[in-house]
Every structure is written in structure tokens, then in C-alpha cells.
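Have a look at the structure below before the remarks.
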Amino acid sequence: MDHAMVKKRKRRPRKSKAEQRAKALRSIKDSKGSDVQTTVSRKAIATAASLIPNQNMVKNVQSKLGTKHERLKLKKAKSKTLAPNGHDTQHGNRVSSSTSPASLSTASSTLVPATCRVIEQKHAEEYILVIEHCQEVCFHGKALVSCLHGSVFIYGCTLHPGQKPLPVYAPRTHSALFITPLPHEEKEVVSEHVKQLLGKDIKEDTVVVLLQKLTCPMVDYVTSVKEYANVFYWENKSKDKEVERVMSLEDSKLLESIGFHVVDDLSSPRLFTPDPVRSALSDVLEQVELAVTKGTAAPVILLCGGKNAGKSTLARFLINLILSSCGEVYHLECDIGQTEFTPSGFVSLTHVNTPTVGPPFTHQKTPDRCCYYGHLSPGDDPDRYVRTVRYVHQGYRGDAPLIVNTMGWTQGMGLHLLMDTIHLVHPSHILQLKGRKSAQDLPQLSPEFLHTQPGWTYANIQGEKNKNDDDDDTVPVNPELVYLQVGNDMPRHTWFTASEFRSMALMATLRSLQPDRGVLPLNALTPRVVPWSAVAVHACNADVPPTQIMYVLNASLVALCQADDNELSRLRQRALPDGPVVLQDTPICQAVGIGVIRGIDMERRLFYLLTPVEEDRLPRVNVLLCGALSVPTPLMLQQTVEGPVPYVTSDFSPDGDIFGATPLRIRKNLQRERRQTGGTSGMGFASLNQQELT
Amino acid sequence: MAARIVGWASKSEWIQIYQELYSNDPVQIQHALDRVVAWKSRLDTKMPIAIDCTSSLTAVWLRDSGAHVRGEGGSSAPNSHDLFQLRLAYSMALARFVNLVTDASQDKFYIQPVHVMAKEMALPEWMVSLRHEATHRSLPSLPVLRSGARFALAWLREKYWEPQLQQCGELPGGAAEKGQLDVEEVRQAVVGLLISFEQHQFEILSERSTKKKRSHHTTLLQEVLSNLAALMAGNRETVVACLCRRGFLIPTPEQTTALGLTNYDVFPESDGSELPQIDKKFQDFWKPIFELLHQSNSIPPLLERLVQQLGTYAEEDLEFAVGWIALITTAQNSQDKKSLERLLHKVKVELPWRRLITCCLATPNKHTTPLVHM
């Protein structure tokens, strides 16, 4: 994401007092807002510009001038209506206002000594990274980062000396991350430790960072299987020259020994540059601070946009940003295909109080409220999807900001479901990400659009109401709409498929089953025993006849749920003779976690269950649901038994010449030779839906 | 071969379900269908499409036979509502079958039309039009839908279940003998169908027929052809063998007279230097069958069969056999788009020439020299 450009649709009138207070707060809290820093920053711009012929970089550093300045300049620029490079004026202004063309033109490819150096503390364990001239360090890999002197900004997190070390993960499947040094606060005391390290060689803009080797049992378990072993592996190829601008090759080799790979920032697609997004979100952040200081209602921020626009990335960024001022935030996951803190297939509400820097499999958590939906697409049972979102959202008490991540499916039924989600969660802000590929995007949201576009269960045309609606849905939504134009689409993960990422997240969740040292195959772990009589069972994703339910459950991944008795008796289909109760539909209820049914004892009527759920939460579990989630393939293949492993075979080749042995393959890249004309599915669907309702 | 995850716990479970799906026992079929749902739940989107198609077609088939039995029992005749539902269910299952089969083999940059893909997958054209009618036109009738389902199930068996069984190291056909008709039964069925084909075709081509009569027989002919097509899958050899017999491609004297093929002495007394030719009328008569053969790539086997049998024909029959061989092998790209020659010309490139010549030399007769010369 090169640059995020901003358009504001509507501003809500706000009390000027509150605004002033927020501004004041910002200038105190935010190290970049005050006038004093501006001079430092300007100097930084000059240096950076002369060092790196990279427009992004210059813009980035300069844009640290702070929101207030930014806005003033934006206004000025607008009056001039500069439009370089044929950008459309509204967007181009932003670029022109924040870059300095003069310094750019002079800063061509002159090589200067590296601006960073590395001091070894403990071989292959700990290294000190000394950064000067506000040089950004772009990296892949993983490390535990703490700041010893000055402060740095990583993916929404601001690190100061004395703070808890921050675990950061940038696998090669995702964008590289940046360590961005922030301008110094006034009169920073140089600690004894740093003095010892650097002697008197501390300049005004020196930043000292400690990088430690990062070991995390969860992530190590994921990378212990050969399929995912190379997620963090970074091949060193033809990047030396670019890296040398940042640090010497020897130094970069030292850092590689802990799995921290400095890379060329030109070749790696850029994540959100902090400040353009930050200023776009200034209003959000203001409200967050207001909520903290004045106890006003915490903002509810809903993220939406087409597939691959970067919603999850922005969600993590926003979480980190809000955490730095608020300390806690809730995250409501409505994108069941690519979930952040749980395995996929769940709608969840998670309380977050630690920064999240990395892909989902590096930070699986136990959510506060969570419900198993069982399919990977909401379209398989849209009514239940909406009810599931409503159920989970009811767990939000409004005591901290809420970030709502929505799905990238924004066409046809997807749009209706998004509308329902918006009406359910009542966002105070909607951040809409607009990717470059306009075909995949939803139309730009406007207040009119929000009021006229029907939802799936919620119809708001002419005040009409569906009988399914609860009362709280009737309150009209009136959010602040922020429209973020994304420069580039997020790169596609070419090494791994979405299903492999799901599998990685599952493995991370299952890690606590493993012994402290070493890795055991699933069939070598000791299971818990669950009598059939203790649970009701159901398969969410197919109409399985009760007689076949055991064939589904055996060696399957299940969600452990606790449904109340009313729900259970309502859905009770029939009890098999001496078998567990089979439900006829998926109950909407709290899920406490996942488990693997390792075996079924047909004589003693027992399930053998492996589950990472804590012991004290297990007694309440009364439903086992299986659905689209399955045991990660590497874990199935890991088993060794005498004779053939059940469900694992090499006799049934997927890629042999046998027709039809392969699953349904959806090829979206197939081209039509002749363009066909016709209405879009979205339109057709909308009218159909209206007909249904009337 | 790399290991993978499947929905069945073991090879034997898969084989059992295969046997049950293709059995005649409703209880077994129902059991298999239930189990396939369990596989579907396990595999979710990773379900092999052939199993998916087989189970949905079999499910409708089972319901149909259930309705049929009820009707015969007299307790409750299937009402029109039930029958309509059956037609809907058949139509959907067949449309899905054709689409999934053709989609799965899209391997080009551009989308290929369904009928092109169908040809590649040896799906006859009438299956493609069945899909088209089911989705864009009025719902096809039950008899033709039944033929379609029968064909599709046989096709799936030939393309997926049997090859898969062999890949697992099992003997072909070892699975389900009971579901399959034996060779003699098939032969009788083919002969029966060919005879009715001849009857209808005779009426259609007869100059005495009225327009109304012609269209009536055309409809009946189409049904015969679709039944024949359904039988073709898996029984190609039998159909080809029947065609080469006297009374079909080799006409009896009565047939020659009835068709008005000038007189019995069709071919001028030849010394063997010139090859006999098949009358244009007789070509037109058999054209629908050749089209059918072409859809399942069966013309080369037919030719091979004719060549192999050269030694067994009586003198007068030999003229026809050689005539057909000559027609197939020398077919020119005729201007007449509807002519049989044009169709045969397309096949020519795929003929196994070397094998044919060896065969031909093994059964010498007076026409051998010019035949080999060609």
C-alpha cells in the first residue's frame, strides 16, 4: 500500500470543547504533533531524501509532521490545485503536499555509508541495532523487538524504552514490515545501558533497538511440519546492494542468525505508511481518546472493502494504533473465511490487549464470545449467518473500542449481508478500503446508500421491516464514512493457499496439546473420554442422516459448544438407540474451542477427544459440531500406524488421469473470447430480494 | 504417489460404496447414498466430482424406481405432481453432470463452449442438448431423462469408478457384477434397438410416408437412438459387432429391394480392380448411427471390425463390407454438409492405419490389392 488517500464524506458536528481537549491530548501524547518536533522532522526529511531516492520514504518521513500540519497543508494545496502525474486532483494533492519534489530530484542514486549498525550481544540470540538519520529498516522474518533509546514505530505500535518487548512476525507470505524510528522527544535521558553500549557516540537522532531471537511454541509447532517449515525462511538473493544502503552485509548476516532478514524496501510492497492512514483515522483516534478520558461512548469501527483490499491488515494496524492510546480493544470477526484470532468458521468477539504484529497463526486467542457457523462462506446459510453475528455482537458491552472486520464478499448477497452487519453493530465509523481492481469492490458507501440499500434480513426501504428484526435494528445508522483509496492491491500469497493458512491457524490452536518439548503425532497423544450421552452432535455443512453421523465425526475436527437446554430440545432430531442426540440444525450458542475426535468406541459408547480447551471450561460443553473445518492435512499425514492410516491414501490420486477424482475447481481466471453483456448479479439479486419481501 | 486425505476410512469402504451405488437393491443404494453424504461433510469442498454426480443421479434414479414400484403395486399411482418433481430432479442432476464434467476439463485460457468440451470428454451431443433443454427450454420428458441418467451413470462408471478401482490394484469389473447386464443380454438389446431403428428410418425415408407420419417416426427414432447411446457406454464392442452382421450394415436381399437399391445386383460385375461403392441412399439410411458412433469415437473400431471380418463374409456380403471400408477410408471432404462422407472425412485422421493394413493382409480376397493400395 503505497499511499492511502483520504476522502471524508460527512463530518458529524462535535462540541468544540471536546475537540480542543482531544487536540491538546494529542500534542502531549503524540510525539509528532508539537512544533518543536517539526524542526527535527524537517531535518530528517532532508537527510532521508538525500539518502534514499524513494518517494515513499520521503513522503513517509515528512508526513510525520503531524495531523494538524498535514491538514493545513492539505488546505493550501487544494487552493493551488496541483495535479502532478495526471492524478485526479483530489487524490494527487495529497501526494504533492506531502512530498518535496525539490529534494527528490537532487537525491539520485549516490551511495553513502550505511546508516545502521549491529552490535552483537549474544551470538545468534541478541543483537543491538543502532539506527541513525531516521533510517527505516524493512525486514522479513521474526524477532522480539524492544527499544532502548528513542522510539520506533512498527505496524501501528509505538515502542518506547522500558516497554515490554514486542514479538513481530513477517513471514515471506506477507508484506515486509518496517521499523520506523520516530523523532526524539525533548531531552531524552540516555540510559546507562545505552551509554555503555555506544559511549559518547549518541547523536540527536540515534535510535537503539534490541532484537532478540523469538521463539513461540505456537509458531514453532506450525513450522515443525515440512509443509509449512519455510514460512519464515528467506532466501538471500540479489538484494545485497539495496541492503548495503541500510547496513553492511556483515551486519545483516549477523541479524539473519536470529531469523531477522533485512530486505530491500523497494522490492517489498509497502504496508500502510503510518501517517497518511493515521491522519485518515485521526477522527477515530480522537474518539478513542475521548472515550478514555471522558468516558464517552467508545467508537465502533467497521472495516469493509473488496477481497484482497487489506482489511485484515488494516484491522491489525488499527488494533495496534488504538492499543497504544487505549490499552484495550475488542475485535468482532465477521469474515469467517479468514479469521484473525480463531480458527476459520467461527464468528467471534475477542478482547485484545497485546499488539498483533503478524498473520493469524502467530496470535490465536481465546475469544470472549464465539459461535461456530460451520461453513466457510456465509452464503451457505445466510439467515443463520446474520443470527450468528447478532448473537456474538450481543456480547459487546461498549466498554472499549470495537473493531469489526467484515468479509471481502461484497457482491450480490454479500452486499446484503454486509448491510445487515452494519445495521447490527451500529458503527460510529466505517472505513472503506478501495482496491485498485474496481470490479471486486463494493460501491462507495454514502449515507444515502446506507439508507436505501436493503440488507438480507433487514429491509429499510420505506420503513419496511422484516419480522426477523430486533428492536435495536430500527435505530438508523449514521456513521462517519472514511474512504481509503488503496494504492496497490495487497500482494496475493503465492506460496500458500487460503486453506493452508486456515490449516496453520488450526495447528497454532492445537499446539497446547503437544508436550513442552518435541512434537508428537495426534494419535500418540492421550485423549479425553466423552460418553455419548454427555453430548449432542451435528454436522453443519451437509444433511447427514443420523445413521451416518459417526462416519462424519470419526477423525474429525469439532467445535466444542455449550447450548442452553431450550435450544437443544428445539433442535433435537432423534436420539440414536444408545447413541448421542443428533441435532437437526446448527445451534447458535457459545463455542468454547475446538477438538479432534481421535476415535469412537462403539461398544463402550465413547468419543476419544483431543482438545486444547482448558479443563475448567470443559464440563459445560454439551454439543460437538463438525463442519467445514477439518484436521490439518500435515497432522493427518504425520501419523504412523501399522497398516494403512485411516482417511489417508495414495491409491486415490487427485492428479492422475482418472476423470472426476478431483474436487470441483473454480477457475476465476478463465477468459471469455467474446464479451457477454448482461446485468450484474448484484442488481438481479437486489430486485429479487425486494420481491421476496413485499 | 503422494498421500492425500479422503472421505472414506479405507479402500474397502470406497469399494463397498461403489458396489452398492451400482447395485439393484434399493436398500443398498440408500445406504451408499447416505454414506456419500457423510463423505461430503468430511471433505466439504474437496469432494471428487465424479462421486458427487454419481450420488445425485443415483438418488433421483432411486426415487424414480420407488415411484414406479408404487405405481405398479396399484396402491398409489404416481401422480403428475410426483412425476414433475422427478423431471425437475433429473434435469438438475443431469445439467450438473454435464456442466461439472465439461467444466473440469476446461484447460485452455479461454472458456471453451460446452459442446466442444463434451466432445472431448466423449459425451454425446444429445446429452449436451438435454442440458440445454432442461435449463433453457421446456423440461425434457421422463423417458429421455431416464436415458440420460442411465447414460451418465454408465459413463461415470467407465471414466471414474472402474479406472479408480484398477488404480487401487483391484481387478476391473470385479466390483459389481450384479448391476451389469451380461453380454448376451446387451447383444439382444442392441439387436432389438437396431431393428426398430431400421423400421423407423425406413418409414422416414420412404417416399410414400406422409409428413405427419414422418415426424412421428422421427420422434420415435430419436428415442431409439438415445437408448442406443446409453447402451453404447461400456458396450461399444457389442454394438459394433452387431452392426457388422448381416441384416444391418450388410443388408439382406429383402432389405436391398425394399430400400430400392436399384436391384440386387448393386455392384457391377467387377474383376476386383475397382472397389465397390455404397449407394448414397444406403449411406443416408445409416447416417444417424454413424453420428452416434462418431460421438463415442467408435468409427475406428467399426472399421477395424469390418476389416477383421472380411474373410468371413459370403461373396455378395463382401461387396458391402468392402464398400463400407472403402467409404470410410477414402471419404472426401464433401461439399454437402449433411453427407455422411463429410462426417467420415473428419474421422479419417484418427484411423489406426498400420493395424488396419496388417489386418487386411491377414484376410486376403479379391479386393485386397486395391484396398491396401489405398
Qualifying position, being at pLDDT below 85, more than 8 Å from chain A (Cβ to nearest Cβ), part of a helix (DSSP H, G or I) and in contact with a helix residue (DSSP H, G or I) (Cβ under 8 Å, 6 or more places away or on another chain), among B:Ser65, B:Ser76: B:Ser65
The range A:525-538 residues that are under 21 Å from A:Gln584 (Cβ atoms), paired with ones that are acidic (Asp, Glu) (beta carbon under 8 Å, 6 or more apart): A:Trp532/A:Asp578; A:His538/A:Asp585
Any hit, the range A:580-591, residues being closer than 18 Å to A:Leu506 by Cβ, more than 14 Å from chain B (Cβ to nearest Cβ) and buried (at least 19 other Cβ atoms within 10 Å of the Cβ): yes
Residue tally, condition at the interface with another protein chain (Cβ under 7 Å from one of its Cβ atoms) and more than 25 Å from A:Gly374 (Cα to Cα), over the range A:614-653: 6
Options B:Ala230, B:Ala321: the member that is modelled with pLDDT under 80 and not aromatic (Phe, Trp, Tyr): B:Ala230
Qualifying position, being of a type outside the set (A, V, I, L, M), farther than 23 Å from A:Ser252 by Cβ and surrounded by fewer than 18 Cβ atoms within 10 Å (Cβ to Cβ), among A:His184, A:His193: A:His193
Condition check for A:Gly599: under 22 Å from B:Ala9 (Cβ atoms) and touching a helix residue (DSSP H, G or I) at 6+ places or on another chain (Cβ under 8 Å): no
Residues of the range B:2-54 satisfying the condition of being in a loop (DSSP other than H, G, I, E, B) and more than 11 Å from chain A (Cβ to nearest Cβ): B:Tyr22, B:Ser23, B:Asn24, B:Asp25
Test result for B:Glu158, within 14 Å of another protein chain (Cβ to nearest Cβ) and modelled with pLDDT under 85: no
The range B:77-99 residues that are without any contact (Cβ under 8 Å) to a residue 24 or more places away in the chain, paired with ones that are in a helix (DSSP H, G or I) (beta carbon under 6 Å, 6 or more apart): B:Ala77/B:Gly71; B:Pro78/B:Ala67; B:Pro78/B:Gly71; B:Asp82/B:Ala67
Qualifying residue in the range A:536-546 (condition: away from chain B (no Cβ under 14 Å), surrounded by fewer than 21 Cβ atoms within 10 Å (Cβ to Cβ) and in a helix (DSSP H, G or I)): no
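The values are calculated or read from the model by the stated rules, or taken from the named source; none is laboratory data. Given the structure is predicted, the values throughout are model-derived calculations rather than measurements. Positions of Cβ are backbone-derived with ideal geometry, glycine not excepted, and every protein chain shown enters the neighbour counts.
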